[in-house]
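The values are calculated or read from the model by the stated rules, or taken from the named source; none is laboratory data. Model, not experiment: these values are computed from the prediction. Every residue, glycine as well, gets a Cβ built from its backbone with ideal geometry; the counts of neighbours run over all protein chains shown. For accessibility, only protein heavy atoms count, side chains too; no ligands or nucleic acids. Shrake-Rupley method; radii C 1.70, N 1.55, O 1.52, S 1.80 Å.
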Amino acid sequence: MMKKRTDITEEYLLDRIWGSLIGGALGDALGYEVEFINWTAIKQEFGKKGITELVTHGGNAIFSDDTQMTLFTVGAMIDGYKRRALGQQIDLTADCIYDGYLAWLQTQGYVGKGRWNGTCSELRDIPELNKQRAPGNTCLNALTSGRMGTPENPVNSSKGCGGVMRTAPLGFTDDWGSPLLGGARAGAVTHGHPGGWIPSGMIAEIVYRGIYQDEDSLEQIILASLDSVLKTWGELEETEDFAGLIRRAVRLSHEDISDVKAIHSLGGGWTGDEALAIAVYSSLKHRDDPVAALICAANHSGDSDSTAAITGNIMGAFLGGEAIPQEWICRIEQLMLIRQMSEELSALIYSGGDEGE
């Protein structure tokens, strides 16, 4: 059983939530520049070490659909707290997360067949978020289908990484129940294969333990999170394959091997299990240096923005926003929005959802 910290202050909680969100956005922006470029081409364009600095456009580094959808996850959680404070009985996934993703869908120029109750309406109306940044076809198709997927009733058979790249915020609190289960349900809204929604649950569990667990190393947190996965879904055939991949990522982090070679041996990160494995490797290999971890996770021939975004989610939750250099933070687009949402959600979590009552 997890030994939970008892000394958490509001400032500490904000720093970890802010760290996870800004870390994810920075990793996303770094990797977005090379997402569809193979390693050889990355070296040709950026040098033998690959991309090591944020690329700015009009003064800002821009993030992809990964961070867009992560912010809509946060917005849905904030709306959930506000509705619960009004006395409404809330199923966070069905009543808020799914509707938040339908709001994001509208920013991409689509209208889903499912009902939308106004969740994340203010976020939806921000002009800068109404930009297509390589949205995943699986997410678009699932959300336009008119049906919300669940682990029990999958909307498709996709194991893509479009779930795990957006569900880290479910690990900011257990106010809505198990972060592991909440993350999995949020991932299954669009990704029906266990290889898609199990990593969506595990990233939330890692983030939760990174914020609240007492005195454990990051490796212990990751292995404990994997143990929770096995206890919860051990009967599924896909779970053991997933566990083997995560264990291999942990082992590789201790070996004298180049980051690129290690990552390529784990896959391209296009699927949820591979994306989380690459993030686990990068986070453990560079566990004390969030920038080095992001650079590691972005420099490969696969889904660089998602793997680096997930790495940033993990590192920020474990080390806090104070560990991320300000010269990186100040370059990201929508900086004030990310900060504002971090502050609002952390205040609601710290107060138990009673903020403003």
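For this structure, a couple of remarks:
- Flag: S225 does not match the condition of being out of contact with any Pro (no Cβ under 6 Å at 6 or more places or on another chain), closer than 22 Å to T6 by Cα, surrounded by fewer than 24 Cβ atoms within 10 Å (Cβ to Cβ) and at pLDDT 95 or above.
- Residue within region 42-63 that is at pLDDT 95 or above, surrounded by 16 or more Cβ atoms within 10 Å (Cβ to Cβ) and under 30 Å from W176 (Cβ atoms) present: yes
- Checked against (1) buried (at least 21 other Cβ atoms within 10 Å of the Cβ); (2) under 29 Å from R124 (Cα atoms), Y350 passes all but condition (1).
- Take the conditions (1) open to solvent by less than 10 Å² (accessible area, probe 1.4 Å); (2) within 29 Å of D175 (Cα to Cα); Q340 misses just one of them, which is (1).
- Scanning region 267-286 for residues being polar (S, T, N, Q) and open to solvent by less than 10 Å² (accessible area, probe 1.4 Å) gives a total of 2.
- Meets criteria (among the polar types (S, T, N, Q), surrounded by fewer than 21 Cβ atoms within 10 Å (Cβ to Cβ) and either in contact with a Pro (Cβ under 7 Å, 6 or more places away or on another chain) or assigned to a helix (DSSP H, G or I) (or both)) for T6: no
- Qualifying helices (runs of 4 or more DSSP H) (wholly inside region 91-172; at least 1 residues being touching a strand residue (DSSP E or B) at 6+ places or on another chain (Cβ under 7 Å), open to solvent by 10 Å² or more (accessible area, probe 1.4 Å) and modelled with pLDDT of 95 or more): 137-144
- Each residue in region 259-309 was checked for being of a type outside the set (V, I, T), outside any loop (DSSP other than H, G, I, E, B) and more than 16 Å from G160 (Cα to Cα), and 17 pass.
- Being in contact (Cβ under 8 Å) with a residue 60 or more places away in the chain and farther than 21 Å from G80 by Cα is a condition met by no residue of region 172-185.
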